[in-house]
Every structure is written in C-alpha cells, then in structure tokens.
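First comes the structure, then the notes that go with it.
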Amino acid sequence: AAGVIQSPRHLIKEKRETATLKCYPIPRHDTVYWYQQGPGQDPQFLISFYEKMQSDKGSIPDRFSAQQFSDYHSELNMSSLELGDSALYFCASSLAASGQETQYFGPGTRLLVL
Amino acid sequence: DAKTTQPTSMDCAEGRAANLPCNHSTISGNEYVYWYRQIHSQGPQYIIHGLKNNETNEMASLIITEDRKSSTLILPHATLRDTAVYYCIVRLPYNTDKLIFGTGTRLQVFP
C-alpha cells in the first residue's frame, strides 16, 4: 500500500538559510500534520491542515510557515534557520471522512543546520 | 501536556509476550487510546487503537480496563524487530486532533 512520502530525506543547511520540506500524503487522504523531533526528544506537533485550510497550530516558530495545496500535498517552509532547528521532521496524513481517522507517518526529513 | 503515564523502559525475551502498560486516569468518555511505536529515528508507526472494548489486529492486542483508566498493549511473540519506543496516546478521533507524544516506553527485546 502507498505510504506518506517526504522529500528530501536529508537536508543540510547553514544558519540563516531557508529550507522547504515536502510531504505527499497517502492517496485520498485529506489531512496533513507536521511534527518536529529534536535529538533525544519525542515528536512535537507543529501544524495541521484539513482540506487545504489550517486546522490546528502547535509550537511552530513564526519563522516557519506551511500550506496544503489543491493536490493535498503540503510544504513546510523554514526561514532564518537556527542551529536549534536541526531535527527530524515528520509528516503524517489521515482521512477525515473515515470517522476514527488514524494518522500515518512518513519516514521523515532529517535537517541539519550548520 | 501528555495525558498518559508509561514506564520508561522494559525488557522482554525474544518469543515471549511483551506487556506494555499505560495509565490514563483522566481520559474522557469519548477519547480513544492509540498506540504507536518508533523504531530508531523512523517515522512513528501506528499499532492499534480502541475506545473501551479489547481490540486485536495482526500486530498486537489492546486490553482496556473497564473503568478505562489504564490499558495494556500486548505483543504476543516479541521479536528483535519489536525493539522500539512505544507511545500510548489518548485523543479524540477527529481530524483536527493532534497526537501528543509523551516519553513512551523503550522496549528492548533480547535474544
């Protein structure tokens, strides 16, 4: 079965640069979530989108923005990168119409800021 | 804040059942119990979820106490590949409800 696709899988940036992470949800899924996992930490929710509208927002820095497009894929844009942004970034998708919607995660993007 | 409490770590011999407990004493009537696991830096993997009845699938069984204040995830025949951090998460099953990860239980399966 098709899974959540994230690209790139690895990314190295320098401080103050920008980065764009992409997420392609499972086909027919309409909801996308972004999570950040720092070294030795548990995943933390950043932001979510349902039918291209922001549905919830967590501890996402103002330097970050995200959107969901008409084909339901999502992009997380990160500007003025800081060393502390080095982390694993996971995207998850779900189908709201399923009732007991379950989130399925992608393999993640490992971002290293130097 | 996480609404669940889990032991920090557990060991299990390969081939034996692994029983992972979770306390969720403040769970509300319409919240479900979800279990995910994360194998070393991979994306969290959905395992199972339930409301009040016991549930079983090809990966595991979920036993929820009658008062719903605690539950146990059972891996019937643990293998080395089950070594992971297991997260018990309480949430509403609606599309806007995020997952709040607590510290989880680090399960080590040994030969």
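The values are calculated or read from the model by the stated rules, or taken from the named source; none is laboratory data. These numbers were taken from a predicted model, which means no experiment stands behind them. When we count neighbours, we look across all protein chains shown, and the Cβ atoms used for this are built from the backbone with ideal geometry, even at glycine.
Some notes on this structure:
- Beta carbons closer than 8 Å, at least 6 apart along the sequence or on distinct chains, pair a first residue in the range B:28-52 that is of a type in the set (S, T, N, Q) with a second that is modelled with pLDDT under 90 for B:ASN30/B:LEU92.
- Of the residues making up the range A:2-43, those that are surrounded by 11 or more Cβ atoms within 10 Å (Cβ to Cβ), within 13 Å of chain B (Cβ to nearest Cβ) and among the small types (Gly, Ala, Ser) number 2.
- Filtered by the rule that a residue be loosely packed, with under 15 Cβ neighbours inside 10 Å and either facing chain B (nearest Cβ under 9 Å) or among the hydrophobic types (A, V, I, L, M, F, W, C) (or both), the range A:52-97 gives A:MET53, A:PHE69, A:LEU83, A:ALA97.
- Strands (runs of 3 or more DSSP E) (entirely within the range B:15-111) containing at least 3 residues that are over 14 Å from the mean Cα position of the chain (by Cα) and away from chain A (no Cβ under 11 Å): B:105-110
- Of all residues in the range B:5-41, those satisfying the criterion of being under 27 Å from A:ARG110 (Cβ atoms) and surrounded by 15 or more Cβ atoms within 10 Å (Cβ to Cβ) are B:GLN6, B:TYR34, B:TRP35, B:TYR36, B:ARG37, B:GLN38.
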